[in-house]
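What follows is a set of notes on a single structure, which appears directly below.
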Amino acid sequence: MDFKKMAEELVSKMTIEEKVAQMQQLSENATPKELFETFKKDGKIGSYLHVLGKDTGEFLESAAQTELKIPPIFGIDAIHGHAFLKQATIFPSQLAMACTWEEGVLEKMGEITADEVAADGLNWVFSPVLCLGRDLRWGRVDETFGEDAELCARLGAAIIRGYQKSGKVAACAKHYLAYGEATGGRDAYDIEITERKAREIFLKPFKAAVDEGCLTFMTAYGSIDGEPLTISKRYLTEILKEEFGFDGFVVTDWKNFWCLITGQKTFENMDEACVEGVEAGNDMSMNSYEFYGALIQAVKEGRIAQEVIDNAVRRILSVKARLGLLDEEKTPAPPKECIGCKAHQAYNYEVSVKSAVLLKNNGVLPLKQAKKIAVLGPNADDLPAQYGDWTYTSHRPKDEAIGIEKENEYTLLKGIQEVYKDSEIVYAKGCSVLGSETSAESDLWMQEALELAKGADAVIVAIGDVHAQNGEEQDRAKLVLSGRQNELIKRVKELGKQVIAVLINGKPLELGEMEKYADAVIEAFNTGDMGGLALANLIKGKENFSGKLPISFPYDSAATPCYYNQYEYWHGNKYVDVPKGSPYPFGFGLSYNRYTYGEATLSKTQAKIGDKIELRIPLTNEGDRQGEEIVQLYYKDKVCKTLTPVRTLLDFKKVSLSPKQTCEVSFVIDTNKLGYYDRNCNYQVDEGEFTFFVSGDGKTFKTVNVLLVK
Ligand code: GLC
């Protein structure tokens, strides 16, 4: 099928109004009601967002009444499952799933999500987020694959592969570019990076998305060095479309065109803004409904060339053609019964098990049995807190979910009740996350929890954060366990009890205070429908931990950013009042097994640039149970013309080991990948000595050197 030809044939028949209508995307809640209804009846708008399948009928009928019968493409934030629907399979957050370091998991999750979105009659997911979670104060770290560009690139390509596998759903690489890097960790703010830094770090996952054939990109709200991304011809056209060869279409983020005038104050009005934004490379405007009229006027007045409009419409229509939206005979969507089905939830359970990270265990885990278990804490039985952002609990009208039964939704409390059927399970909140209750209530809740702890043989405390502390426009300066959460852990410990702490939170927090009193710490991040059951089986030891952190935790909020791949300090090396680095760094995660690494060896200790070399390392499972170890390979070019990080992730592998098994893990290293960008943005691989680091915890390393020659 020649999709470009199909698009071209349509463009040749379209009026300017029909063309520009394809470039307008609308949501009902951001468009004046009367105007929205007019557009809806007219049937020519190119895309709608946040419309659920049950409401697509009228839009499709209006489009079918038009001469060209071009249906709208329906976009939705199905970013960890089609989670705007209560009955759908709600997966762990992107950050949680990144703890699996498993491309196959992200690909399968993408495929399942796409099937459920398509079964619901929609065709476009605004996912994956390929920004990096390097500044933990930013409100949307939970939506990222963590802090590292290589891990993000590999997992991002995998989820896109899954989303687009059926050919019925388009993925969307967002938010282009470097949204999470804004100064101060502020949401949708200015980003102080150079193009060299962009190429060294931030463009890498987006280039991987282009190479994976991602059909759409979303322009970030922010600005780079004072230039709004929305009007950056350099990034949107010269790099993304021309250099990288992206041939899908670019949609702006929410109201970006309008923001050029109001927030960023770079234009007096939409007349100019829409011209420069489209010429820069935006093919579709998300909302900013004035865009439609202003762009038509600009064409009529000759302020923008017709060809620029035609190119944008060609891109949009070729994507619609690839999704089968222009076919007269539509191929059937997956059956609606697949939405939230047992098979999907069974896979969701596996994802949840692999997403959990064991941060500390002094032997209290596994908790094989206990007569009476006290499950305490504000996040032990709070599904909205467990889900995190972009679900029916955070982004849909409350009444939409009323009456919808769902058997597969496990808070930690429900999971413990199911797994420890022979134990007595008691529960109390102990405190709220935000500490918003009255002091009388607060003391009552605390006392109630402590009383239950006193009489229990085992105590599990679920803490973390809530949706109000994450998300768009919800950045945090103090990454603490808010309210009386630390106190709850401390006072339970002071009763002489062993404390199993479970973190259910959007992003890394300061754990120092809590960690002093906890005998075990499990990080679940925002785990989805099956999270509570997965956590309960991990606590009991029916499952083993394999997750590793994709993001570093801070000693102190003020000591951020704390990502691992920083330049070596050369003048003093840390704050005087906070330790250097991270208590739980990128790549860290424990298991019920202990894995030991032998010495790393190379097939060559001297190689030509361009050669492939093999690194081998023995790995032993000292434990008495089956397990999976994520082996990480980093590299460092010892001398470069520009600063390079202390080490950079080059590759990673998840290895399955039987009890007491030793295997040999090998990596084939393409020496062309050991380069960096010089001051003129030229990618180069230097001659000289390189060090390779192999690690299973981001803290200890086996090293080996190679000399590269021309
Ligand atoms: C939001 C977000 C973006 C999302 C879009 C549509 O403002 O920035 O990630 O996909 O609008 O909901």
*Pick out, in residue order, every one of the trypsin sites (Lys or Arg not before Pro) in the range 418-465 that is DSSP loop and has at most 12 other C-beta atoms within 10 Å; say none if there are none.*
Lys421
*Using the Kirkwood radius over Cα pairs, work out the Stokes-Einstein diffusion coefficient for the range 342-540 at 20 °C and 1.002 mPa s, in µm²/s as a whole number.*
127 µm²/s
*List, in order, the whole-Hz ³J(HN,Hα) value for each residue of the range 293-302 obtained from phi through the Karplus relation with A = 6.51, B = -1.76, C = 1.60 and θ = phi - 60°; use x for Gly and Pro.*
x, 5, 6, 4, 4, 5, 5, 4, 8, x
*Based on the alpha-carbon gyration tensor of the range 339-416 and its eigenvalue square roots a ≥ b ≥ c, which shape applies: rounded if a/c is under 1.5, prolate if not and a/b is larger than b/c, or oblate?*
prolate
*First measure r as the distance between the Cβ atoms of Tyr683 and Glu307, then evaluate 1/(1 + (r/R0)^6) with R0 = 25 Å and state the FRET efficiency to the nearest 0.05.*
0.15
*At R0 = 22 Å, FRET efficiency that the Cβ-Cβ distance of Ser439 and Lys516 yields, to 0.05*: 0.30
_Distance (nanometres) between label positions extended 7 Å along Cα→Cβ at Glu272 and Gln626_ = 6.6 nm
*Using the beta-carbon distance between Ala64 and Gln474 and R0 = 51 Å, what value does 1/(1 + (r/R0)^6) give for FRET efficiency, to the nearest 0.05?*
0.80
*Got a sec to turn the phi values of the range 222-235 into Karplus ³J(HN,Hα) couplings, 6.51 cos²θ - 1.76 cosθ + 1.60 with θ = phi - 60°, whole Hz, x for Gly and Pro?*
x, 9, 10, 6, x, 9, x, 4, 4, 10, 8, 4, 4, 7
*Compute the separation of the alpha-carbon centres of the range 390-437 and the range 555-583 and state it in Å as a whole number.*
37 Å
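For Phe553, Phe667, which order do you get if you count the other beta carbons within 10 Å of each Cβ and list the fewest first?
Taking fewest neighbouring Cβ atoms as first place, the list is Phe667, Phe553.
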_Using alpha carbons only, how many angstrom separate the centre of the range 661-709 from the centre of the range 202-269?_
32 Å
*Range of Cα positions in the range 219-372 per principal axis (Å), largest first*: 79, 48, 31
*For the range 70-114, which semi-axes, largest first and in whole Å, follow from the square roots of 5 times the eigenvalues of its Cα gyration tensor?*
22, 13, 9
*With Cα atoms, 0 to 90° folded angle of helix 149-164 axis to the chain main axis*: 60 degrees
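When the chain is fully extended, how far beyond the present Cα-Cα distance does Asp55 get from Lys4, taking 0.36 nm per residue of separation? Please report the intermediate quantities before stating the final value.
On the way: separation 51, 0.36 × 51 = 18.36 nm, distance 2.99 nm.
Here the segment from Asp55 to Lys4 would lengthen by 15.4 nm.
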*Measuring from centroid to centroid over Cα atoms, what is the spacing of the range 133-193 and the range 325-370 in Å?*
21 Å
_Ranked list, fewest to most other Cβ atoms within 10 Å of each Cβ, for Asp310, Asp283, Asp670_ = Asp670, Asp310, Asp283
_Calculated from backbone phi, Karplus (6.51, -1.76, 1.60) coupling profile of the range 307-313 in Hz, x at Gly/Pro_ = 4, 5, 5, 4, 4, 5, 5
*MRE, 222 nm, helices only [DSSP H, n ≥ 4, -39500 (n - 2.57), over the chain, to nearest 500]*: -8000 deg cm²/dmol
*In terms of modelled amide H atoms, which long-range or inter-chain residues lie less than 5 Å from the amide H of Lys542?*
none
_Linear extension gain, Glu494 paired with Ile404, 0.36 nm per residue minus alpha-carbon span_ = 28.1 nm
_Largest first, please: the extent of the C-alpha atoms of the range 236-327 along each principal axis, to the nearest Å._
39, 27, 22
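Determine, for Lys478, Lys507, the number of other Cβ atoms within 10 Å of each Cβ, and report the residues in order from fewest to most.
Working: Lys478 12, Lys507 28.
Going from least to most buried by this count: Lys478, Lys507.
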_Gyration tensor (alpha-carbon) shape descriptor, the chain, a/c threshold 1.5_ = oblate
*Please state the relative contact order of the chain as a whole percent: Cα pairs under 8 Å, 6+ residues apart?*
13 percent
*Positive-pole candidate from Val278, Leu708, Pro561, dipole of the chain, charges at beta carbon*: Leu708
*Kindly identify the range 595-709 as rounded, prolate or oblate by the Cα gyration tensor criterion: order the square roots of the eigenvalues as a ≥ b ≥ c, call it rounded if a/c is under 1.5, otherwise compare a/b with b/c, prolate if a/b is larger, else oblate.*
prolate
*Net length gained if the chain between Arg594 and Ser166 were fully extended (0.36 nm per residue, minus Cα distance)*: 150.1 nm
*Virtual spin-label span in nm between His395 and Asp670, 7 Å along Cα→Cβ*: 3.4 nm
*List every residue whose amide H lies under 5 Å from the amide H of Asp382, counting only residues 5 or more places away in sequence or on a different chain, with H placed 1.01 Å from N in the peptide plane.*
Leu412
*Looking at the chain, send over the antiparallel percent of its DSSP beta bridges, to the nearest 5.*
50 percent
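Values quoted throughout were computed directly from the atomic coordinates according to the rules given, and no laboratory measurement underlies them. From a predicted model like this one, the values you see are computed outputs, not experimental measurements. A quick note on method: Cβ atoms are made from the backbone with ideal geometry, for glycine too, and the neighbour counts reach across all protein chains shown.
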